[in-house]
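A short worksheet on the structure shown next.
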Amino acid sequence: MVKVLTAESIYQQIMDLYGVEDSYERWESYRNRLTDYLINNIDKDKSVAILGVGEANDIDLNKIHEYVKKLTLVDIDIDSVHAGLKKYGLENSNKISIVTTDFVGISKKDYIDAIEIIRSDIVKMQSMFSVNETGPKYLRKMEDIFEKVNRHEIDLGIDEHDYVIAVGVHSQLFDRLPWIWEIMLNVVKKSGLSFPDINNKLMEQLNTFIPKFDDAILGCAKEKAFIGIETRVNLFGPTPQGALQANEDIKRKVESKNRVIYRDTWPYRDGLVLLIVK
Ligand SMILES: C[S@@+](CC[C@H](N)C(=O)[O-])C[C@H]1O[C@@H](n2cnc3c(N)ncnc32)[C@H](O)[C@@H]1O
């Protein structure tokens, strides 16, 4: 199958797999608790930006919308944001602005080029495809992409807002790159044969990037920033990369008296959401 697909169509299929199925229905009580917590900690009629809002499964847009003067929704994936607005019946609200931006600066072409590295080796090598041969090439591509990312200032796409909310975003910023690798390996039944340097490279990048990302978020929040991160993905599993670095970074940056920690069970494989408030 891989032979006939272009890297671009593989990219599209991979992106279509993104997201947790049925999360809007399954996360209702968690969403209600989290949204109520946010509203209780936000003054009425202020400006609020939600970064990485997606389809808004973590946060009830109707409740927030009713309570604020201005609501800015930011995401790289404009289709998700529109789907979310439709779900909440808010397509015509004049309080809402939508901003499409990429917090990390990786283009679609970067992802397609990364896929092409694996795809062309699979096509060329067929059953001789070797993780040890293609892994280093993919790793070099990741390095090039990260170098480009690190040369740019982070742009959240918004100016100052009274409150800035980012829930479940830190762990997703770069996860498409290891994910592409995993999915492509799965296609040729080589999954599990991971190339550990790919994860190390990702961790290195997150150690550099997350502190800058947090600075940008805290810098945009006039009153408070709410940063929601997973603490683990299942009862025994580790904290996801990105969330891990954010947890450590916020501990360093935000004085403990300003760090109100709200904990809740995130219904995705028993994870926990940790909300840190500036
Ligand atoms: C797990 S979802 C969080 C969804 C949201 N908190 C909610 O209430 O459902 C993460 C979101 O971050 C967005 N995202 C991931 N990487 C991004 C990037 N580099 N720039 C902008 N948005 C990004 C994704 O498109 C996705 O909608």
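Read-outs: derived from the displayed coordinates by stated rules, not from any lab. Predicted model only: the values in this text are computed from it and were never measured. Heads up, the Cβs are rebuilt from the backbone with ideal geometry, glycines too, and the neighbour counts pull from every protein chain shown.
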First measure r as the distance between the Cβ atoms of residue 222 and residue 187, then evaluate 1/(1 + (r/R0)^6) with R0 = 35 Å and state the FRET efficiency to the nearest 0.05.
-> 0.15
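Give, in nm to one decimal, the length gained when the segment between residue 116 and residue 255 is fully stretched (0.36 nm per residue of separation minus the Cα-Cα distance).
Extending this stretch completely gives an extra 45.5 nm.
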Full extension from residue 5 to residue 70: what is 0.36 nm times the residue separation minus their Cα-Cα distance, to one decimal in nm?
-> 19.0 nm
Taking only the alpha-carbon positions of segment 17-143 and ignoring solvent, what does the Debye formula give for the base-10 log of I(q)/I(0) at q = 0.10, 0.17 Å⁻¹?
-> -0.48, -0.88
Where only alpha carbons of the chain are counted, the Rg and the Dmax (Å) = 19.4, 62
How far is it, in nm, from the label point at residue 125 to the one at residue 179 when both lie 7 Å from their Cα along the line to the Cβ?
-> 2.5
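Quick one: of the DSSP bridges fully inside segment 7-277, what percent are antiparallel, nearest 5?
35
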So how much slack lies between residue 133 and residue 41, counting 0.36 nm per residue of separation and subtracting their Cα-Cα distance, in nm?
-> 27.9 nm
Cα-based helix-to-principal-axis angle, 243-253 vs the chain, degrees rounded to 10 | 50
Rounded to whole Å, √(5λ) for the Cα gyration tensor eigenvalues of segment 106-169, largest first, gives 35, 12, 10
Using alpha carbons only, how many degrees (0 to 90, rounded to 10) separate the axis of helix 196-220 from the longest principal axis of the chain?
-> 20
So what is the relative contact order of the chain, in percent, for Cα pairs below 8 Å that sit 6 or more residues apart?
-> 18
Looking at the chain, which longest stretch skips every one of the GluC sites (Glu not before Pro) that is in a DSSP loop with at most 16 other Cβ atoms within 10 Å, leaving the sites themselves out?
-> 161-254
GNM flexibility winner over the chain from 168, 89, 54 (Cα, springs under 10 Å) | 89
Once you put a point 7 Å from the Cα of residue 18 and another 7 Å from the Cα of residue 144, both along the Cβ direction, what distance in nm separates them?
-> 2.2
